[in-house]
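> My questions all concern the structure below.
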Amino acid sequence: MPERVIYVVRSWPRLSQTFIVNEVLALERRGLELVVCSLVRSGEVIVQPQVADVRAEVRYLDDLEHGARSVRRQLASCVRAPVRSLRALLECLRHPRLAAGYGECSALECLRHATSLAAVVREIRAHGDEPVRVHAHFAHDPALVGMLAARLTGVPFSFTAHARDLFEIPPESLAARAREATAVVTCCAVNAAYIESVVPPGDRPPVRVIHHGVDLRRFAPSGHPAPGPVPLLVSVGRLVEKKGFPDLLRALRLVKERGLRFQVRVLGDGPLLGELVRLRDELGLTGDVELPGAEDSDAVVRALRDATAFALTPRVLADGDRDGIPNVLVEAMACGLPVVTTTAGGITELVAHDVNGLLAEPGDVPGIADSLARVLTDAGSRTRLGAAARQTVERGYDTDEAASCLERVLRAGAPVPEAAR
């Protein structure tokens, strides 16, 4: 009988969370049967094309929580497991800060979602199957829902922590989730070090570093011809503060003042779009920088294949929000592109300065400008850095190898090999 894993996510599908879709597909190729339980619908119009290949059933918990059937479901959970249900309720009433910090649900709302998730577990069991695990993506609401569902059902629980969800919840809330997990997974060593620094050893299960992988066949060098008279720089990301796009625009202005020509495409959407358009125009970059909005991964692949180089300049915000290792950097490097980026978050685990990319300190606009000018003008550096970038991704960021490591956690909590740490 196939081993079934219940995946808990905040919303599905999310354009900016391609790494979760890729992970689901890779795990399915390895024979795992998944059920994706999403707290809410994403509401996004653009959907990644890979979503159509996902075999997993998708349950939207928010859809299960309306009307008379919802009331019956909640009552059934209490009747079937009265002690577990009472303990979970008391935990949420006594410790409302379980849901403090970054997140959209209160502790009691997370318990409501967990009760709906418990009903999904009961349905699976009614068909003669037994879920081997509840695994949540993101340490905020989804992990709390997963933790409470594990209490209600007795199914083992683990979660993956990423970025804002990790750094913007109280350490005691993170410790509460970790205490009941069989493993905590994260995408970079910086995140793992943070978890180990704030979660007491007695509350901490194994912390596993498993990099997000990319499809090395899809994201591959295209034999880039020599750039024409106007090189193309590409950047991809949500238009939010931590991505540092104002720094990139200001650096591009400095590069233009040196007399260098370029075209830039920034693919992505977000709350800063209007502000970035205004800044672009104020800096005199209207004809040089295109901000076309959100695109799916097929469009990202096409843009990377046409690009001369890739740039992304993240920051660490005052509230702690930061990237781990941005997946778009891995995708660009897989395509053999030289990358210009910063040392924010876990990026230095992926990029070594002047080895497989160029690094500047976050917010160092002149330093970013120097790196951009170099990839625009030095063909030898572009070739050397791009080749090394591809080799880096081949060695440590293949999606199937990452899925193999995660599979061991999901199936039986088996230790991940040291090579994957």
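No value in this document is a laboratory result; all are computed from the given coordinates. From a predicted model like this one, the values you see are computed outputs, not experimental measurements. Ideal geometry is used to build each Cβ from the backbone, glycine not excepted, and the neighbour counts take in all protein chains shown.
> Can you tell me the order of 206-213, 27-34, 384-391, 329-336 when each peptide is scored by its average per-residue count of other Cβ atoms within 10 angstrom, highest first?
Output ranking for 206-213, 27-34, 384-391, 329-336: 329-336, 206-213, 384-391, 27-34.
> If you plug each phi of the range 362-374 into the Karplus form 6.51 cos²θ - 1.76 cosθ + 1.60 with θ = phi - 60°, what whole-Hz ³J(HN,Hα) values come out, in order, with x for Gly and Pro?
Values per residue, Gly and Pro as x: x, x, 7, 4, x, x, 4, 4, 4, 5, 4, 4, 5 Hz.
> Can you compute the helix-only [θ] at 222 nm over the chain? Use -39500 (n - 2.57) per DSSP H run of at least 4 residues, normalise by all residues, nearest 500 deg cm²/dmol.
Counting only the DSSP helices, I get -13500 deg cm²/dmol.
> Determine ³J(HN,Hα), in whole Hz, for all residues of the range 40-49 in sequence, where each value follows from phi through the Karplus function 6.51 cos²θ - 1.76 cosθ + 1.60 and θ = phi - 60°; x replaces Gly and Pro.
Per residue, the Karplus-derived 3J(HN,Hα) values read 9, 7, 5, x, 7, 7, 7, 10, 4, x Hz.
> Still on this model: Would you grab the residues whose amide H sits under 5 Å from the one on Arg208? Only those 5+ places off in sequence or on another chain, please, with H modelled 1.01 Å from N.
The list, which skips near neighbours in sequence, is Val184, Val185, Thr186.
> Take peptides 9-21, 108-120 and line them up by average Cβ neighbours within 10 Å, highest first, as a rough protection proxy.
Working: 9-21: 21.2, 108-120: 23.8.
With the highest mean Cβ count within 10 Å placed first, the list reads 108-120, 9-21.
> Shifting gears a bit: Taking H placed 1.01 Å from N in the peptide plane, check which residues at least 5 places from Thr342 or on another chain put their amide H under 5 Å from its amide H.
Result for Thr342 returns Ala360.
> Let me ask you something else. Mean separation of Cα pairs under 8 Å and 6+ residues apart, divided by the residue count of the range 232-396: what relative contact order is that in percent?
Worked out over the range 232-396, it gives 25 percent.
> Amide H to amide H, which residues 5 or more places from Phe262 or on other chains are under 5 Å from it, using H placed in the peptide plane?
It is none; the list stays empty.
> Which value, in Å to one decimal place, does the Kirkwood hydrodynamic radius take for the chain when every pair of different Cα atoms is included? Mind dumping the intermediate values first?
Values: mean 1/r = 0.0447 Å⁻¹.
For the chain, inverting the mean 1/r across all distinct Cα pairs yields 22.4 Å.
> Let me ask something additional. Rounded to the nearest 20 debye, what is the charge dipole size of the chain about its Cα centre when +1 sits on each Lys and Arg Cβ and -1 on each Asp and Glu Cβ?
The calculated dipole for the chain is roughly 780 debye.
> Just want the answer: with Cβ charges of +1 for Lys and Arg and -1 for Asp and Glu, which residue in Ala161, Pro231, His113 is farthest toward the dipole's positive end in the chain?
In the chain, that residue is His113.
> Here is a further query. With unit charges on the beta carbon (Lys/Arg positive, Asp/Glu negative), name the residue among Leu25, Gly202, Gly270 whose Cα is farthest towards the positive pole of the charge dipole of the chain.
Gly202
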